[in-house]
Amino acid sequence: MSGTASPDAAARAAELLGRVRSFVHAEILPKADHFDALPAAPTPESARLTEAGLANWWIPAEYGGAGVSLRDSVDIVSELSYGDAGFAFGSFLSILGTTMLQLCGEDSLVRPHLERMARQGGVLGILASEEQAGSELGRITTQYSRDGGKVVISGDKYFSTNTDAAELLLVVARDAADDAVFSVILVPRETAGVEIVKRWDMVGMRGSATYQVRMHDCVVPAEYCLRGNGLRNLEIGLNASRILIASTAIGLARQVRDLSMEYASVKQVHGAPLVRNAVFAGKLGQIEMLIDVMRNQCRAAAAEFDSYMAQADPASAMYRIGTLRSALAAKMYCGQAAWQVATIGSEMFGGLGYTHDHPIGKLVRDLRYVGLVEGGDDVVRDLLFTRYVVPTGKRR
């Protein structure tokens, strides 16, 4: 990922966006029921995304990837989410892990993984959240202990997307010898002691696959620990994934708008098509405003992230900044705006909006996730307060 895009980079991103749009219309949109049925993971469509050369598009060129900026990734995720937000989520969430690998890992350790993902596709599993800790990751109980040149990891993780399909897991754990020390540790999926407890039956985003995972005495080399504080490393990666989670709301809102327009062209109210009704026009105008503001906020936050990644020493720059205000704002705003769109959309279709027989019901369930995952609104409000309100020098 880089900062301001060159004309060549912008052209490449636009070309890739067009290919993504074509892929979505051919492979994803016609299969809404399939993706809402908790399909087996990885899906055949994920394999076809890789075959089309579209997987992991953000991985930098130095690792053999397309190197698309996070700013341009906002529109790519919007397109994928227009087809199915769960499929989109599973397709981009690895950016959380690849960002940590790129910035916090020794090149000899992480390069083979990033080059493989650029060349062959594939996903990463991030094991951070726990049942009791939730978003308070400082309370996690998963521990690792050192045994010569190895570390031994044990603990239970609650919500981890892509884990079963991943070749590599990134586990956030506490040092058993010093509970103030946290690390992110690379654990190959086939490591003995990694157990999938269950796949969660999610209300929405059912095209993704999220698991409860148990680790019992998983042994990996000590050099599989990334540099730096594990919680800080996670914060760095969350900037990218939170912005793209916010971006899914754009694609979902566009789908609600388009379905509403199709419906309004045939629905009669007072002897005239609904599309001519002033109340309908006002509601769709509201959705269009929300789409525009969501996209602008996500692209602005992504551009700020790109600017740090373009610095001479992006690892130090991002480690110093930690959680970006703009990423938090994008995540919270889009979660709230998405729920406004869901409300408008479901009411637009009357009783149909509360059934499984119309696509709007699925979109409502999917839209709710934006304000829940990787920090619900109360968590994000607290982060904004403690990081950007309390420190006087950081206020704007």
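Annotations for the structure displayed:
- Spherically averaged projected area in nm², based on the convex hull that wraps the Cα atoms of region 221-283: 6.9
- Close amide-amide hydrogen proximity is noted between SER94 and LEU124, each under 5 Å apart and 5 or more residues distant or on a separate chain (H modeled in the peptide plane; Pro and chain starts excluded).
- Ranked by the mean number of other Cβ atoms within 10 Å of their residues, highest first, the peptides 198-206, 243-251 fall in the order 243-251, 198-206.
- √(5λ) per eigenvalue of the Cα gyration tensor, region 105-165, largest first, Å: 25, 18, 10
- Lysine pairs in the chain whose alpha-carbon atoms fall under 22 angstrom of each other, counting only those eight or more residues apart or on distinct chains, come to 7.
- Rough spin-label spacing in nm, given labels placed 7 Å along Cα→Cβ, for VAL219 and ARG189: 2.4
- For a label point 7 Å along the Cα-to-beta-carbon line of LEU109, residues of region 171-187 with backbone N under 17 Å: 171-176, 181-187
- Cβ-Cβ FRET estimate between GLU167 and ARG48, R0 fixed at 25 Å, reported to 0.05: 0.85
- For region 254-386, the calculated P(r), taken from all Cα-Cα distances in 5 Å bins from zero up to the bin holding the longest distance, is 2, 10, 16, 17, 15, 12, 9, 7, 5, 4, 2, 1, 0 percent.
- About the Cα centre, charge dipole magnitude for the chain (Lys/Arg +1, Asp/Glu -1 at Cβ), debye: 900
- Alpha-carbon spread of region 313-396, three principal axes, descending order, Å: 51, 26, 17
- One chain, two ends: THR141 and HIS25. Fully extended at 0.36 nm per residue, the span grows by 37.4 nm beyond their Cα-Cα distance.
- Near the amide H of LEU127, within less than 5 Å, lie the amide hydrogens of LEU170, VAL171, VAL172, all on another chain or at least 5 residues away, with H placed in the peptide plane.
- Cβ crowding within 10 Å averaged over residues, with 268-275, 44-51 ranked highest first: 44-51, 268-275
- Rounded tilt (10° steps) of 359-368 against the dominant C-alpha axis of the chain: 40
- Heavy-atom surface of region 1-157, accessible at 1.4 Å and reported per residue (Å²): 40
- When each of the peptides 9-16, 127-134 is scored by the mean number of other C-beta atoms lying within 10 Å of its residues, the order from highest to lowest reads 127-134, 9-16.
- Rounded to the nearest 20, the Cβ-based charge dipole of region 167-288 about its Cα centre (Lys and Arg +1, Asp and Glu -1) stands at 780 debye.
- Shape of region 1-131, Cα gyration tensor, a/c cut at 1.5: oblate
- Positive-end residue, the chain charge dipole about Cα centroid, Cβ charges, pick of TRP339, THR323, LEU29: TRP339
- When you restrict to C-alpha pairs under 8 Å that are six or more residues apart and normalise by the size of region 113-209, the relative contact order lands at 26 percent.
- Solvent-accessible area assigned to carbon and sulfur over the chain amounts to 53 percent, based on a 1.4 Å probe.
- Helix axis angle, 7-23 relative to the chain longest principal axis, alpha carbon, degrees: 70
- Size of electric dipole in region 214-347: Cβ of Lys, Arg +1 and of Asp, Glu -1, about Cα centre, debye, nearest 20: 260
- Pair-distance profile P(r), taking every C-alpha pair of the chain, with 20 angstrom steps and integer %: 28, 58, 13, 1, 0
- Probe 1.4 Å, protein heavy atoms only - accessible area per residue of region 202-352 in square angstrom: 38
- Selection from PRO314, GLY204, VAL389, by position along the positive dipole direction of the chain (Cβ): VAL389
- Long-range tail of P(r) for region 170-329 (Cα pairs > 21 Å, %): 66
- Bridge type composition, the chain - antiparallel percent by DSSP, nearest 5: 85
- Computed [θ] at 222 nm, helices only, for the chain once each DSSP H run of length n ≥ 4 contributes -39500 (n - 2.57): -16000 deg cm²/dmol
The values are calculated or read from the model by the stated rules, or taken from the named source; none is laboratory data. Only a predicted model underlies this, so the values are computations on that prediction, with no experimental measurement involved. FYI the Cβ positions are ideal-geometry reconstructions off the backbone, even for glycines, and counts take in every protein chain you see. Protein only, heavy atoms only, side chains kept; ligands, DNA and RNA dropped before computing areas. Shrake-Rupley method; radii C 1.70, N 1.55, O 1.52, S 1.80 Å.
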